[in-house]
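Report on one structure; see the data block that follows.
The values are calculated or read from the model by the stated rules, or taken from the named source; none is laboratory data. For clarity, every value in this text was computed on a predicted model and none was experimentally measured. Cβ placement follows ideal geometry from the backbone for every residue including glycine, while neighbour counts extend to all protein chains displayed. We work out accessible area using only protein heavy atoms, side chains counted, and drop any ligands, DNA or RNA first. Shrake-Rupley method; radii C 1.70, N 1.55, O 1.52, S 1.80 Å.
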Amino acid sequence: MRISELADTTGVSIPTLKYYLREGLLHAGVAQGATRASYDETHVERVRLVRTLVDVGRLSIERVREVVHALDEPPASRHELLGAAHEALRPHVTPGVPGDVTPESLERVRALGPPGCEHSPAGLQLAQALTAVAAGGWSVDDATLDTWHRAMLSVAETDVAPALATAPPEEALRYAIVGTVLTDPVLLALRRVGQESVSARRLGGPPTTTGPSASTAH
């Protein structure tokens with residue numbers, strides 16, 4: 001297909017597609033002349049992936065480029081592959097500014113295990129989050145952190161599907177990255193729903209509503 005057809009198929013404008021090509025987010029098409037190239041379903045899939053990462057995941061172009069690079073050159077080990085996914089999704093942190101980590105936060109992550117987890121992309125992200133919480137004047141005690149951790153281990157049993165062990169590396173990496181981007185908002189919303197349920201049971205009161213849509217949802 002021509003770039004105009006790629007634009008029609010994906011709903012992404014031609015200038016944006018050309019920008020993706022320049023930035024290395026989209027692989028080049030097959031040259032059909034000095035100024036023409038043809039594209040296929042791999043380009044459609046890649047454009048849709050980029051849009052998901054940008055629109056849903058709110059990733060920067062730099063981060064999306066890292067994701068694309070990881071997809072094009074995935075590590076062989078499935079566990080390292082998960083680390084590559086986590087690294088691609090971990091927010092950038094500049095040393096010395098809010099978001100840097102404290103030794104206390106790293107130690108709390110280390111205590112959760114497994115060995116060395118405080119230096120993994122996910123472990124560093126948790127340490128950054130704990131550092132930010134403390135800097136904001138809020139306390140997450142060890143019992144609370146342990147409760148949250150055990151709950152997330154249950155979630156992870158579903159996330160890390162056995163089928164990933166035999167899936168092609170690029171497919172497994174795409175599953176890990178896109179699945180995380182798309183389902184993180186669901187997990188956050190489920191926390192809110194859980195809070196509402198416990199609040200209604202412990203504190204009483206009618207169901208909470210918000211905005212005009214609440215009265216017309218039925």
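The figures follow:
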{"item": "Sum of -39500 (n - 2.57) over DSSP H runs of 4+, divided by residues of the chain (222 nm, nearest 500)", "result": "-20000 deg cm²/dmol"}
{"item": "Computed over the chain, the ratio Rg/Rh where both radii use C-alpha atoms and Rh is Kirkwood", "result": "1.04"}
{"item": "For the chain, the longest site-free run once trypsin sites (Lys or Arg not before Pro) in DSSP loop states with at most 11 other Cβ atoms within 10 Å are removed", "result": "59-218"}
{"item": "Accessible area per residue, Å², the chain with all protein chains present, probe 1.4 Å", "result": "65 Å²"}
{"item": "Solvent exposure ordering (accessible area, 1.4 Å, most first) of ASP72, ASP40", "result": "ASP72, ASP40"}
{"item": "Debye log10 I(q)/I(0) for the range 5-76, one point scatterer per Cα, at q = 0.19 Å⁻¹", "result": "-0.78"}
